[in-house]
Amino acid sequence: MLAAVLAVPSLTLGRGAVAPPRSVAPRAAQGTMVAAQGTDERLRFLSEASACEVKDSYGTPAYVYSEAALKSQAETALAFPSAYGLTVRFAMKACPNAAVLQTFDRLGLHVDASSGYEVRRAVAAGVAPSRISLSSQETPADLAELLDLGIKFNACSLRQLAEYGRLRRGDRSTQLGVRFNPGLGSGGTGKTNVGGPSSSFGIWHELLPDVQALVEEHDLAPARVHTHIGSGSDPAVWQRVSGLSLDLCEKIPTVASLNLGGGYKVGRMAHEASTDLAVVGEPVKGAFEEFAARTGRQLDLEIEPGTFLVANSGCLVSTVQDIATTGADGHTFFKLDSGMTELLRPSLRAAPGRARHAAGGEYVIVGHCCESGDLVTPAPDEPETLSRRHLGGDASIGDLVVVEGGSPSRRSGQTRCHSCRPPPRGGVEGPIAVAPVQGRELGVDRWR
Ligand SMILES: *Cc1c(COP(=O)(O)O)cnc(C)c1O
C-alpha cells in the first residue's frame, strides 16, 4: 500500500488544510510496498505500517514528525562551538507548528520569528516573549505592542530603526539589534541567497554611518548585530561573513552579541552532505577570541538554524487519488491529494527529489492544484521540467506516498508562508504532530 518513497528537499510540516479525499477508498494492503533492497534511500522513521496508521487515524495529507529527530538536531545545534556563550534560535518559518515549537522550547532553544504574526504564534504556543527575536521584511502594524511584550527586535531597515527610535527613545535595554547585509551572501539557489547587492534583507553595510546617526538621534544602544546570508549557504562564505560582522560589532560599542543567522546545509538524499556545525563553528570561535583580545569585548554568539532542525525530522503522507497516462512517448502521473498547498518548495525552487531504485514503474508525481507548476518531482533546478522517478511496485489509486526532506519556509497556502497573514478564526490545524517512534501525539496546533 505504501507505493512510493521519495525525498523532496522542501516541504512543509503540519497537517494540510485540504480535506482528505474520503471518496477514494484506500485499497486493502495489496503488497505494493517497495522493498528497500537495491537502494540507499530509505524512509527515515516511518514504516509502511506506521504510514497506514497515520492515514487511518488522521487521514491524508498528514505531516508527521519524529520527536527523536527534532531532539537530536537541537542537541547538535546546542553543541555549536562558542567562546563566551551561545543562544540557539529556531527560525520558526521552517516549521511553525506549535508542538514543534514546544519541543524546542523545552530543550532550551529560543525563537527567530520572520513576521509579527509568527511572534503571536510562538507566544500562543507558550514561548516566553523574551526568548523570541523578530527579524522581518515587513514592519508589523502592531510593533509597539510586540515590543511591550518584551520580544527582541532586529531593525532590518533604516525605516525600522527609526521606528524603534520613535517608540523607544533613550532605550538602554538589550531589546534592539540591527540586521546588516554584510555585502556577501550565499544560498543553495539564487532564491535563497539573502546577502550581497542583489538582496533586500538587512541594512547595507556601507550605510553604517546612517545607522550611527539614527542611534545618536534617538539615543539608542543596540545590543546585537545580526547577519543572515542565505539558506543552504557555502560554509566558507558564512565564515567570511562572520569576520565582516565582527568588524561591524567593533564599530558599534554597545553591541554585546553577534547573531550569525542560519542557513546550514542539510543533505536530504543519501549522497548529499550536511554542514558539520562543529567544523564550521571552530574558526568562528577563534575569531570571537581574537576580537576579545583586541577589543576587550567578549561577545555572545547567537545562531538561528531553521532547516537544519527540521528538514529531516518530518514527512508528508499523501494518498494517490488519481493516475493519468499520456501515451507511449508520454508519462504516467500520480496525482496526490496534496501538492503546492502543502508542499511549496518543489515548485518554487525546483529542489531535486530522490528516487527509490527498486523494480517498478517510472512516475511523475503531481499535486492536486490546477497548475502545471504543481509538480512534486521537478528536475533539479528546472521547475518546468518533469522528472520521472523509479518507484517500487506498481501503484494504484489509494496507495500512499511519503515525501521526506521537508522544510524551509515553508508552508504554502496564503495564510501559511511565514505566517504573513493572521490565522483564520477557529482554524484548527491538526492533530498532526505524531511522534511515531514514541507512539504518542506531540500536540494539536490550532493555527493554520
Ligand atoms: C530563514 C532564516 C533563518 C534560517 O534559515 P535556514 O536556512 O532555515 O536555516 C535564520 N535567520 C533568518 C533571519 C531567516 O530569515
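Just so you know, all these numbers are worked out from the coordinates, no wet-lab data involved. Note that the coordinates shown come from a computational prediction; the quantities given were computed from them, not determined experimentally. Please note: Cβ atoms are built from the backbone with ideal geometry, for glycine as well, and neighbour counts cover all protein chains shown.
Of the listed peptides 324-337, 303-316, what is their order by residue-averaged count of other C-beta atoms within 10 Å, with the highest listed first?
Averaged packing, sorted descending, gives the order 303-316, 324-337.
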message: For a quick size check, give me the Cα extents of the stretch 228-332 along its three principal axes, largest first, whole Å.
response: 71, 22, 21
query: Going by how many other beta carbons lie within 10 Å of each one, how would you line up Asp276, Asp56, fewest first?
result: Asp56, Asp276
statement: Most packed first (mean Cβ within 10 Å per residue), the peptides 241-254, 363-376 order as 363-376, 241-254
Sequence ranges 102-111, 226-235, 140-149, ranked by mean other-Cβ count within 10 angstrom, highest first: 226-235, 102-111, 140-149
- request: Starting from the amide H of Leu86, placed 1.01 Å from N in the peptide plane, find each other amide H under 5 Å away whose residue is 5 or more places distant or on another chain.
  value: Leu301
task: Order by neighbour count: Trp204, Trp238, fewest other Cβ atoms within 10 Å first, most last.
output: Trp204, Trp238
message: Could you give the length gained by full extension between Cys369 and Arg294, i.e. 0.36 nm per residue of separation minus their alpha carbon distance, to one decimal place?
response: 21.2 nm
task: Evaluate 2.2 N^0.38 Å with N set to the residue count of the stretch 68-309, then give the Cα radius of gyration divided by it.
output: 0.95
message: Please compute the length gained on full extension between Thr326 and Thr385, using 0.36 nm multiplied by the number of residues separating them and subtracting their Cα-Cα distance.
response: 19.7 nm
field: Contact order relative to length of the stretch 68-309, as percent, for alpha carbon pairs under 8 angstrom and 6 or more apart
entry: 22
task: Check cross-link reach from Lys285 to the lysines: straight Cα distance under 28 Å, and skip same-chain residues fewer than eight apart.
output: Lys71, Lys93, Lys152, Lys251, Lys265
